[in-house]
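The values are calculated or read from the model by the stated rules, or taken from the named source; none is laboratory data. Nothing here was measured: the structure is a model prediction, and the numbers come from that model. Don't worry about glycine lacking a Cβ; one is built from the backbone with ideal geometry, like all the others, and counts go over all protein chains shown. We work out accessible area using only protein heavy atoms, side chains counted, and drop any ligands, DNA or RNA first. Shrake-Rupley method; radii C 1.70, N 1.55, O 1.52, S 1.80 Å.
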Amino acid sequence: MPYKYPRTTKHDFVVRRSSAGLGLFAESEIAKDDFVTEYHGPLLSQDEADEKGGKYLFAIDKKLTIDGSSRKNTARYLNHSCKPNCEPEIDGKRIYIYAKKKIQPGEELTYNYGKEYFNDYIKPYGCRCSSH
């Protein structure tokens, strides 16, 4: 399927170590409800996603999944949090990340990965988000 380049953001980020591995951190203040970044990558069918497997697959619906494994996809560095400061929004075949609250410079950007991902990938090893 054709790949659409990500929507641009006015915010700057830095990738660095966090409690859960590599994380994405704000370099400047982000206002509540601001567009933060887009989770992007090639679209895969459900069969292709099942065959590929991995942690960077973001299901859009029952038929399509975004393969966000490319390091060009900075949104892949947003870690899970049980008390996140960001929230993904699916718009057609794209996933936009918005700030749920005001985010301070230096703060790690996070969203809740959902129950299925949490149970499959996080729970067996223990949640490492800062709210624990």
Legend entry - Protein accessible area in the stretch 1-126, 1.4 Å probe - carbon and sulfur %: 48
Inset, instruction - Choose one of Ile30, His80, Ser69: the residue whose Cα lies farthest towards the positive end of the charge dipole of the stretch 1-96 (beta-carbon charges +1 Lys, Arg; -1 Asp, Glu; about the Cα centre). - result: Ser69
Legend entry - Local net charge near Gly23, Cβ-Cβ under 9 Å (Lys/Arg +1, Asp/Glu -1): +1
Legend entry - Cα-based Rg and Dmax for the stretch 65-111, where Dmax is the largest Cα-Cα distance (Å): 11.3, 31
Legend entry - Largest to smallest principal axis extent of the C-alpha atoms in the stretch 53-132, angstrom: 34, 29, 22
Legend entry - Surface accessible to a 1.4 Å probe, per residue, for the residues of the stretch 26-132, Å²: 58
Inset, instruction - Sum -39500 (n - 2.57) across every DSSP H segment of at least 4 residues in the chain, then divide by the residue count to get the 222 nm mean residue ellipticity, nearest 500. - result: -1500 deg cm²/dmol
Legend entry - Difference of contour (0.36 nm per residue) and Cα-Cα distance, Asp91 to Gln46: 14.4 nm
Legend entry - Other-chain or far-sequence residues with amide H under 5 Å of Thr110's (modelled H): Asn85, Cys86
Inset, instruction - Could you run the Karplus curve 6.51 cos²θ - 1.76 cosθ + 1.60 with θ = phi - 60° over the stretch 27-33 and give me ³J(HN,Hα) per residue in whole Hz, x for Gly and Pro? - result: 9, 9, 5, 10, 6, 3, 6
Legend entry - Dipole magnitude of the chain, debye to nearest 20 (Cβ charges: Lys/Arg +1, Asp/Glu -1, about Cα centre): 220
Legend entry - the stretch 1-121 - convex hull of alpha carbons, volume per residue in Å³: 104
